[in-house]
Amino acid sequence: MKNKNYFKYLLFVTILILLSFSVKGYSQSSDSLYEKIDLFSEVLETIQNEYVEEIDEVEAMDSAINGLLQSLDPYSFYMNAESFEESQSETSGEFGGLGIEVSMESGVVKVIAPIDDTPASRAGIKAGDYIVKINSEQVRGKTLMEAVNLMRGPVGSSIEITIRRENLKKAKVFTIIREIIEIKSVISKMVDNKVGYLRLRAFNQNSSNQLKKEISKIEKNKKLVGYILDLRNNPGGLLTQAIEISDFFLNDGEIVSTRGREKKEDRKFFARNGDKIKGKPLIVLINSGSASASEIVAGALQDQKRAVLLGEATFGKGSVQSIIPLKNRGALRLTISKYYLPSGKSISDVGVLPDIKIEEEGEDFFINTETDNQLNYAIKLLIG
């Protein structure tokens, strides 16, 4: 084991650096702050001396840092150098995934949304599921990055996921085969030769260009009466894409604003003239898996009276995270601002509520199938 005095010095310096970042509304005196640092040092030293097993000092420090960050919100966390490098690396075929966007809640991993046509969605994982076990390991007590790393693995290898779901009394176990996750952002089709259906799966760098091309194709149909924009199980992505795609359906008005602790994070974004569907009726489908950028688009179109929202309340992720590199080659993923809709409402925790509430029917509900009651209801509204 390393020299104890060195460990105490490392602990003191680390906690001092962490707590030197003042939290909004923090008003405790400096004396009280140093008392807490001394207390934390005493606790760690006691654990080091008395705990039943020898502790890993580096892991203990990483856990302390993550404990501070995760006390702020579910989306802020620390990545050590190894985790940060993995998060930046391009998938080259060596590793596979499940196809889910996740966050932390109450010490376990919560599914924001399964991505269409991925192992997770095909297996039946749903938005709002809580992952409590990964293979035989309990998730509680692990950081988000640790849980995500457990879910990664070689393409073709299997993984066992145990989930808890609100309306199920017992935990449910899924065995899933990992794959390379490739997402085509936009799919489209004509329904009854009258309705343009646009399914937006994610907000990546090419989403707006793909959506624009699909709209141009559909607009050539002379019998077109309206559009359905499907944002269900879309976990979000780039803010710039959310703004540009909202602008496709608006001629003017505010789209979204961001407000942060620093004035530089306070911004407003407005639509420009040029509704690409020329004022035709628009229905937006949403559910609990519609998060972040999806909520910006849905909320803007609702507030500007441009679309009718149909489905279920959205996830409620109305915050902006920034990746901040650190001197140790690790990084912080830190919430720096929040989104606000044109009405001034915050998306955080509350989400966007539908104008017409239609719940998904049954455990075997799948998007864009013959039994998709939400899509079928939207089609009837447009066709009459």
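Yes or no: region 79-96 includes at least one residue that is of a type in the set (Gly, Ala, Ser), part of a strand (DSSP E or B) and under 22 Å from residue 234 (Cα atoms). Taking every residue of region 79-96 in turn, at least one turns out to be of a type in the set (Gly, Ala, Ser), part of a strand (DSSP E or B) and under 22 Å from residue 234 (Cα atoms). Criterion applied to 68, 11 was being assigned to a helix (DSSP H, G or I), at negative phi, modelled with pLDDT under 80 and touching a Phe, Trp or Tyr at 6+ places or on another chain (Cβ under 9 Å), and the one residue passing it is 11.
In region 248-295, which strands (runs of 3 or more DSSP E) lie fully inside it and hold 3 or more residues that are in contact with a helix residue (DSSP H, G or I) (Cβ under 9 Å, 6 or more places away or on another chain) and outside the structural domain of residue 198 (by TED's automatic domain parsing)? So that I can check it myself, show each step before the final result.
Values: elements: 254-260, 267-270, 282-286.
Here the list is empty.
Is it fair to say residue 323 is under 24 Å from residue 69 (Cβ atoms) and either outside any loop (DSSP other than H, G, I, E, B) or under 21 Å from the mean Cα position of the chain (by Cα) (or both)? Taking the combined requirement at face value, the residue satisfies it.
Pairs meeting the criteria (first residue in region 277-288 and at pLDDT below 95, second residue among the β-branched types (Val, Ile, Thr) and buried (at least 24 other Cβ atoms within 10 Å of the Cβ), beta carbons under 7 Å, at least 6 apart or on different chains) are 288/314. Taken over region 326-342, the criterion of being assigned to a loop (DSSP other than H, G, I, E, B) and in contact with a Lys or Arg (Cβ under 8 Å, 6 or more places away or on another chain) is satisfied by no residue. Given (1) at pLDDT below 95; (2) among the charged types (D, E, K, R); (3) more than 30 Å from residue 366 (Cα to Cα), identify the lone condition not met by residue 317. So the condition that residue 317 fails would be (3).
Quickly run through region 202-226 and pick out the residues that are touching a helix residue (DSSP H, G or I) at 6+ places or on another chain (Cβ under 8 Å) and without any contact (Cβ under 8 Å) to a residue 60 or more places away in the chain.
Correct list: 204, 205, 207, 208, 211, 224.
Can you report the number of residues in region 125-145 which are without any contact (Cβ under 8 Å) to a residue 60 or more places away in the chain and either buried (at least 20 other Cβ atoms within 10 Å of the Cβ) or not acidic (Asp, Glu) (or both)?
Filtering region 125-145 for residues without any contact (Cβ under 8 Å) to a residue 60 or more places away in the chain gives 125, 129-142.
Add one more test, that the residue is either buried (at least 20 other Cβ atoms within 10 Å of the Cβ) or not acidic (Asp, Glu) (or both), and what stays is 125, 129-136, 138-142.
Of the residues in that region, 14 qualify.
Selection of region 84-99 for residues being modelled with pLDDT of 80 or more, out of contact with any Ser or Thr (no Cβ under 6 Å at 6 or more places or on another chain) and within 29 Å of residue 175 (Cβ to Cβ) yields 97, 98.
Scanning region 283-312 for residues that are within 24 Å of residue 220 (Cα to Cα) and either over 25 Å from the mean Cα position of the chain (by Cα) or charged (D, E, K, R) (or both) turns up just one, 306.
The values are calculated or read from the model by the stated rules, or taken from the named source; none is laboratory data. None of these values were measured; they are calculated from a predicted model. Here the Cβ is made from the backbone with ideal geometry for all residues, glycine too, and neighbour counts use every protein chain on show.
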